[in-house]
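Asks: Pasting a structure below so you can have a look.
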Amino acid sequence: MRILVSNDDGIFSPGIKALGLAMRALGEVYVVAPDVEQSAVGHGITVRRPLRFKHTASAGFGEVPAYRVDGTPADCVVLGVHLLGRPDLVVSGINIGVNLGLDLTHSGTVAAALEGTSLGIPSIAFSLDTSGEELNFAEAAAWAVRIARLVMAKGLPKGVLLNVNFPAGVPKGVMVTRLSTHHWEDKVVERLDPEGRPYYWIAGTPVGEEEEGTDLFAVRRGYISITPVSLDFTAGELLVEVRRWVAEL
């Protein structure tokens, strides 16, 4: 089995190192990741400038081939597939911080898995809750291998990826969940540069309801959350209603 490993925290992140090295238990691994952190860039693809693709032995993956790209996580998957050969599996992470609920709309970690899924490759995004005293990437990576092995044995439907979030500490078990309302409540902070001109920081606070059966509910209680996510964003239940509206145009 050939496995492409990517992320959004960058090629020097401890999360991707743990994931990439652990995935060797399943087959041939190669890493393609951003050269710098690309958190919250979403599913962007770079089309207005050329991209650099460089082998990076200093990332610490040993015999595992590792390449850095001066672009987005989705760019990394596109280049990895086209330059290194089509993999059997794409895994992204392990992200430093959870990707729950509406986080999926801007997460670079999930975007790498989205890109793999759009190319018809089984894909999984892995993220780790950072609220604990220590980041236990080894524990999360061991679980990631078990989940990836299961995906390769069972398969995933076309257009569906898995979004996996690990709790802080040792997991109590696994829950299959739906997406929560977890999101960032944005605020804009205005400041002045040395010449008195305003500039802005977009900041925010995570909020969301811990409804039973959701990813937020599971992770907050110490469980691994596994959420199947579909590329089909169609609100099927509204198709008939919208057709009625359109008839009035």
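The values are calculated or read from the model by the stated rules, or taken from the named source; none is laboratory data. Source: prediction; values computed, not measured. Backbone-built Cβ (ideal geometry, glycine too); neighbour counts: all protein chains shown. The protein model used for the area step is the full one, side chains on, heavy atoms only, and it has no ligands, DNA or RNA in it. Shrake-Rupley method; radii C 1.70, N 1.55, O 1.52, S 1.80 Å.
Asks: Accessible surface of Y200 in the full protein assembly, 1.4 angstrom probe, to the nearest 10 Å²?
Replies: Accessible surface of Y200 is approximately 130 Å².
Asks: Counting only other residues whose beta carbon sits under 10 Å from that of G93, what net charge do I get with K and R as +1, D and E as -1?
Replies: -2
Asks: Right, next: Which of the three applies to segment 1-120, rounded, prolate or oblate, going by the alpha-carbon gyration tensor with a ≥ b ≥ c and a/c under 1.5 meaning rounded?
Replies: rounded
Asks: How are the C-alpha pair distances of segment 77-191 spread across 5 Å bins, as whole percents from the shortest bin up?
Replies: 2, 11, 20, 22, 20, 13, 7, 4, 2, 1, 0
Asks: Oh, and also: Which percentage, to the nearest 5, of the DSSP beta bridges contained in the chain is antiparallel?
Replies: 45 percent
Asks: Would you mind counting up the charge near V151? Only other residues with Cβ under 15 Å from its Cβ, with Lys and Arg at +1 and Asp and Glu at -1.
Replies: Overall, the nearby charge balance is +4.
Asks: Separation of segment 42-65 and segment 90-130 by C-alpha centroid, Å?
Replies: One Cα centre to the other: 17 Å.
Asks: Show L249, L192, L239 ordered by accessible area, largest first, where the area counts protein heavy atoms only and the probe is 1.4 Å.
Replies: Sorted descending by solvent-accessible area, the residues read L249, L192, L239.
Asks: Grab the DSSP H runs of the chain that are 4 residues or longer, score each as -39,500 (n - 2.57), total them, divide by all residues and round the 222 nm result to the nearest 500 deg cm²/dmol.
Replies: Taking each H run of at least 4 residues, the total per residue is -7500 deg cm²/dmol.
Asks: Let me ask something else. Most fluctuating residue of G93, G42, G27 in a GNM of the chain with Cα springs under 10 Å: which is it?
Replies: Highest fluctuation of the listed residues: G27.
Asks: Keeping all protein chains in the complex and leaving out DNA, RNA and ligands, what accessible area do you get for D70 with a 1.4 Å probe, in Å² to the nearest 10?
Replies: It works out to around 40 Å².
Asks: Could you order R48, R2, R243 so the one with the most accessible surface comes first? Probe is 1.4 Å. Kindly include the intermediate steps, with their values, before the conclusion.
Replies: On the way: R48 225, R2 60, R243 155 Å².
Output order, biggest surface exposure first: R48, R243, R2.
Asks: Still on this structure, please answer the following. Not counting ligands, DNA or RNA, and with a 1.4 Å probe, what is R86's accessible surface area in Å² rounded to the nearest 10?
Replies: Roughly 130 Å² of R86 is accessible to a 1.4 Å probe.
Asks: Per the 1.4 Å probe, what fraction of the accessible area of the chain, in percent, lies on carbon and sulfur atoms?
Replies: Carbon and sulfur: 55 percent of the exposed surface of the chain.
Asks: Quick one: if you stick a label point 7 Å off each Cα along the C-beta vector at V160 and S230, how many nm between them?
Replies: Placing both labels 7 Å beyond Cα along the Cβ direction yields 0.9 nm.
Asks: Let me ask another. By the scheme Lys and Arg +1, Asp and Glu -1, what is the net charge of all other residues having a beta-carbon under 11 Å from that of A25?
Replies: Value of the local net charge: +3.
Asks: Right, next: Simple spin-label model, 7 Å along Cα-to-Cβ: I45 to L239 in nm?
Replies: Here the answer is 2.5 nm between the modelled labels.
Asks: Turning to a different aspect of this structure: Suppose all protein chains stay in the model; what accessible area per residue would a 1.4 Å probe give for segment 113-249, in Å²?
Replies: 62 Å²
Asks: Additional query: Leaving ligands, DNA and RNA out of it, rank L119, L216 by accessible area with a 1.4 Å probe, largest first.
Replies: These residues rank, largest area first, as L119, L216.
Asks: Write down the radius of gyration of the chain and its Dmax, each obtained from C-alpha positions, in Å.
Replies: Considering the chain through its Cα atoms, Rg and Dmax are 19.0, 64 Å.
Asks: A follow-up question, please. Given a 10 angstrom Cα cut-off, can you work out which residue in V145, V110, V47 is the most mobile in a GNM of the chain?
Replies: Comparing V145, V110, V47 in a Gaussian network model of the chain, the most mobile one is V47.
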